[in-house]
């Protein structure tokens, strides 16, 4: 068991990322020495450039984990108590949610300017570590692009036994051997995979910074546009201050977060709580659509359950949200529907103590709608249960 600063590293995400970094770095340096042996200036330049990129990648990766996204203090409330009417309340943290803050189910804390929870750093990406995360993505993409060139060249010359001549005019054979070739191919696959996958993530993160939006805020804006599709009063996003000002809120040479993560500049015509007011309206509409269901068949909480039929097994929700276990006689308030799956929150008895909300996906065949089993059950009862949790 890990404690202290190493606790976040004891997870499959950081361990896998560190193994990939070590594998690509070690094999690239070995191939670099085979391609340009001795004191070749080309080899020294490649070594310097690549090791700089590898070092900066590792530094920013560990910094993104160690610094964290920044968390809203427990029991937090705005200075002006009248502002609480514009804010959501988190029962788990026992505090109001500041603008741009969201509760992360995995971290079990309210995160400042939360973008998403990244399993590779086993932490959220938010106000406190966004700059380090962007730097990590940037150096990882450039470094793996450099590594792909060196590994690909070494593999090609090893297979075809092409000679290289160093500055001392000695013929050198790039010979990897069986195990070396296997590791080189594996490292090249990792490097190309990082360039593609991390490069795409870097593109989306740069776009988010330029527009000053998080991934969660993109979803809020999309729902706001849909909600007002028949209205002449479109929703104005309050934090888009212009490209240059948006970039300066995240990117700087020190990679230190700007501001306090709670108070944010807004455009003219908006106020500090414009986004939170829109969120509250969306929550009310969500509650109005919620339906109460009774569990009639146990759900195991597995991601790919076999016992519930081929349709459930072959049509899982395309999301990393949790799957929840249910028992007969449980009640669930459902807010999202799919053909074979439902998303909802388990109704729990109130005992005066804050409890962790149990919500996620489960097979549709395990429940029956309350109105079908008991016509006396009204939507008002459902909304009451939903608000209670």
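Our summary gives segment 258-349 a relative contact order of 26 percent, counting only alpha carbon pairs under 8 angstrom and 6 or more residues apart.
Mind giving me the FRET efficiency for residue 302 and residue 244? R0 is 45 Å, r the Cβ-Cβ distance, nearest 0.05 is fine. So, using R0 = 45 Å, E works out to roughly 0.40. Most fluctuating residue of 212, 123, 46 in a GNM of the chain with Cα springs under 10 Å: which is it? In the Gaussian network model the winner is 46. The ranking of 265, 218, 330 by Cβ neighbour count inside 10 Å, starting from the fewest, reads 265, 218, 330. Note on residue 226 and residue 48: the extension gain reaches 58.9 nm, defined as 0.36 nm multiplied by sequence separation minus the Cα-Cα distance.
Only DSSP H runs of four or more residues enter the estimate; each adds -39500 (n - 2.57), and after division by the residues of the chain the mean residue ellipticity at 222 nm equals -15000 deg cm²/dmol.
Listing 150, 306 from fewest to most neighbouring C-beta atoms within 10 Å gives 306, 150. Spin-label model, residue 206/residue 182: points 7 Å from Cα along the beta carbon direction are separated by 3.8 nm. The order of 274, 307, 231, going from fewest to most other C-beta atoms within 10 Å of their C-beta, is 231, 307, 274.
To the nearest ten degrees, helix 12-35 and the longest principal axis of the Cα atoms of the chain are 20 degrees apart.
Length gained on full extension, residue 251 to residue 156: 30.3 nm, using 0.36 nm per residue less the C-alpha separation. Against the compact-protein benchmark of 2.2 N^0.38 Å, the Cα-based radius of gyration of the chain scales to 1.23.
When the chain is treated as a Gaussian network with alpha carbon springs shorter than 10 Å, the biggest mean-square fluctuation among 52, 254, 16 belongs to 254.
Axis of helix 130-160 versus longest Cα principal axis of the chain: the two differ by about 40°, to the nearest ten degrees.
Rounded to the nearest 10 degrees, the inclination of helix 41-67 to the longest alpha-carbon principal axis of the chain is 20 degrees.
Bear in mind that the values in this text are calculations on the coordinates, not laboratory data. Please read all numbers here as calculations on a predicted model, not as lab measurements. Cβ: placed from backbone, ideal geometry, glycine included. Neighbour counts: every protein chain shown.
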